[in-house]
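Input: a single structure, listed below in C-alpha cells.
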Amino acid sequence: MRKFVDLWRRQHGFTVIELIAAIAVFSLVAGLISTVTIMGFNQYNRISLENSLREEGDIIMSAVMTELYTFAPDTIVDIQDRSGILLQKGEGSTLQQRRIEIAGGSLSIGQVDPLSVSDAANPYDIQADLSGSVIEATSADGRICGTEATCASGLINIRLNLSRTVKGDEGGLELESKFGF
C-alpha cells in the first residue's frame, strides 16, 4: 500500500496507457450523448410536423362544417371529379351556390362565380399539400349526388391526404371523416 501512495505523490503525470483509456471512455460517453441528443431532435421535428398536419386537417374539417351549417343549403351536388361539393339554396332566379373543393392541392371555399378567378378572401392558411384528397356527397342509399339527382340529405365523405416537407423530412397524414347533412 505504501508503494502506491509513494507513486501517487510523485506526480509524474499520466502514462500513455492511462491517457488512452481516459480518451476511450470519454469518446464513448460523448458519442452516446450526441447520438441520444440527435435522435431526440429528429423525433421532436417529426412529432411537430405530424401535429401541424393534424391541426391543419382539423382546420379544414371545421371550415367545411362551418360553411355547411352557416350557408344551410337545400341541396348538395357532387363536383364531377370528386374534388368537392356544390351547395345550393333556393331555385330559379333566387338560386345561391357555394362551392367547397380541393383544387390545385389546396382548399377553396367560396362563391360559384366565373368572374372571380381567385379566392383571396379565404382565411385558411393551409400549408400542406392536399393532392389526392376527396370530398364527395352521397345520399342515404349510397348513390353519388350528381347534377341529375341532387341530394337534400345524406352524407358528406371527406378523405384528406395531407403532406408537407420540412427540412428534408416528408410527413404525411390521412384523415377520413363522414358527417350528415
Only Lys, Arg (+1) and Asp, Glu (-1) charged, at Cβ; region 3-180 dipole about Cα centre in debye: 1080 debye
Label point distance in nm, A152-F26, each placed 7 Å from Cα along Cα→Cβ: 8.3 nm
Whole-Å distance, taken between Cα centres, linking region 1-74 and region 85-101: 53 Å
So for the chain, averaging the separation of alpha carbon pairs under 8 Å that are six or more residues apart and normalising by length, what relative contact order in percent results? 18 percent
Could you tell me the calculated FRET efficiency between M61 and S139, based on Cβ-Cβ distance and R0 = 25 angstrom, to the nearest 0.05? 0.70
Under a Gaussian network model of the chain whose springs join Cα atoms within less than 10 Å, the largest fluctuation of I23, I144, I47 belongs to I23
With N residues in the chain, what two-decimal value do you get for its Cα radius of gyration over 2.2 N^0.38 Å? 1.93
Connecting every pair of Cα atoms under 10 Å apart in the chain and solving the GNM, the largest mean-square fluctuation among V64, V166, V134 falls on V166
Could you check the spin-label model distance between R54 and S34? Points 7 Å from the Cα along Cα→Cβ, value in nm. 3.3 nm
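Each value in this text was obtained by applying a stated rule to the coordinates, not by laboratory testing. Note that the coordinates shown come from a computational prediction; the quantities given were computed from them, not determined experimentally. Reconstructed Cβ throughout: ideal geometry from the backbone, glycine too, with neighbour counts over all protein chains shown.
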